[in-house]
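The values are calculated or read from the model by the stated rules, or taken from the named source; none is laboratory data. Because the structure is a prediction, the values reported are computed rather than measured. Note that each Cβ is placed from the backbone with ideal geometry, even for glycine, and that neighbours are counted across all protein chains shown. Surface accessibility is based on the protein's heavy atoms, side chains included, excluding ligands, DNA and RNA. Shrake-Rupley method; radii C 1.70, N 1.55, O 1.52, S 1.80 Å.
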Amino acid sequence: MIAALGRSDAARRILRMTGWTMVAFAVEKAASIAIVLFLAELLGARDYGRFVLAQGLVSSLQILVVLGAGPVFTKYIPVLRKESFRRAVELISLCLTLAFGVAVVLTLIALTAGRAAMADALVVPRDSALPIWLIGWVVISAGSNMVTTLLLAFERGRALGLAAAFGSALTVLVVPAFAHLAGLQGAIIALVGVEALKLLCLVGLFVAFAHRQGGPVLARPRFGDLSLMMRFGLPVFLSSAVWGPAMWLAQLIVSTRSPDGLSQVGVFGLSNTVMGLVILVSSLSNRAAVPVLSSLEADGRRFELWRVSRTMSLTQIGVSSLVAVPLAVATPWIVVAFGPEFASHWPILLIMVGTGVLLSGQTALGNYFLVTGRQGFILLSLLPWAAILLSASWIFSAYGAYAIALGLLVASLIRTLMFLVPFLAVPAILRTRDKPGAA
């Protein structure tokens, strides 16, 4: 990364954005990890397994609301903004209009036909209010994620830092109190309330930014931009529709087929949360890098784009390894802190820590293919990934959380190899194109 700094402004912009997003998302991630670990100890493995399934269901359903708008923002806003601020806002308005329509339809379906199915998946009574709160969580968190990505696309890292600090403080203060009062449902109600207040904060920050730019907050959507959504947003949406639901389905398979399945899902969820510490730096820097990488692609600086992506991948593997090694050594003692239901399954955490190192380098390569218009390839790479994960969860479901963790490790290794082959071939292709008379 230091070498890249001397060659272009791209790495400096990434580091600047990473610095702000590091503050924003690290504070937010630290708060969410603390709350999740607190809930694991308070609720026990079985109820915590319900919480993990609820979280996965929310993440999967919000994909339908967002419809791939986040990556569309990060890829096209840097380009459209060169035309005018209004031109970027037209795209934003189109994405928000589509998301609002989908949210209304999804809410109506969920409140009528889907409530009983959600209750059955979470193993709660069908008249429980929990599914209703989950629908609110889906819609509000989808809006929050869209506005967050919007600010990131405009490289407003400082604004994201303020919003993250606000949301994290509320999370740490409110969720434990509600969990003590009303258990699992109380924790979810508190999380929905915090997400709603955070959304209001993010919207206020974007409105203030738009006024400073002298442009509108919203504009009439340009429906010609639907071609961008179809050409780029649809494959990205389909990729998200494979990743999140596949993870949730793997956990649902184990919860229904494994002995004491909910507890096994709770064990996997705890290990997955700790793995978040391994991939924290890479996830933050990758989010910050996408707008900058998109600018390099728009300017035709393709070799620099490849070089920065390679540097980021290697750097992130190194940083995540520094975090992973002490975590791997301490895994038996980490899980003991959450009670005997978790303590005997410490090898699962070890597997997940190793998977985290693999994912930290893989994501940077995926971003390269995303900004260079290879979103179809990203989608295709997820199909064998999902097949391996779900097959392992089904065939070896008797082994509980081990089936998901090992399936995820093998699937991630295969997908990384699929990324490496075309990525390493890029320099030779670029040199061929640069030769006189090359097509």
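Structural remarks
- Criterion applied to ILE351, ILE334, ILE317 was being in contact with a Gly (Cβ under 6 Å, 6 or more places away or on another chain) and either of a type in the set (A, V, I, L, M) or open to solvent by less than 10 Å² (accessible area, probe 1.4 Å) (or both), and the one residue passing it is ILE317.
- Scope segment 257-280; condition at pLDDT 90 or above and surrounded by fewer than 20 Cβ atoms within 10 Å (Cβ to Cβ); matching residues: ARG257
- For ALA250, the test of being among the aliphatic types (A, V, I, L, M) and either in contact with a strand residue (DSSP E or B) (Cβ under 6 Å, 6 or more places away or on another chain) or open to solvent by less than 20 Å² (accessible area, probe 1.4 Å) (or both) is passed.
- Residue that is most open to solvent (accessible area, probe 1.4 Å) [pool: residues in segment 193-227 that are in a helix (DSSP H, G or I), closer than 17 Å to LEU91 by Cα and of a type outside the set (A, V, I, L, M)]: PHE223
- The requirement of being touching a Gly at 6+ places or on another chain (Cβ under 9 Å), assigned to a loop (DSSP other than H, G, I, E, B) and not polar (S, T, N, Q) is fulfilled somewhere in segment 245-260, by at least one residue.
- Once segment 400-415 is narrowed to residues that are under 21 Å from ASP260 (Cα atoms) and out of contact with any Ser or Thr (no Cβ under 9 Å at 6 or more places or on another chain), the residue that is most open to solvent (accessible area, probe 1.4 Å) is LEU406.
- Those residues of segment 164-182 which are of a type outside the set (Phe, Trp, Tyr) and surrounded by 16 or more Cβ atoms within 10 Å (Cβ to Cβ), in sequence order: ALA164, ALA165, GLY167, SER168, LEU170, THR171, VAL172, VAL174, VAL175, PRO176, ALA179
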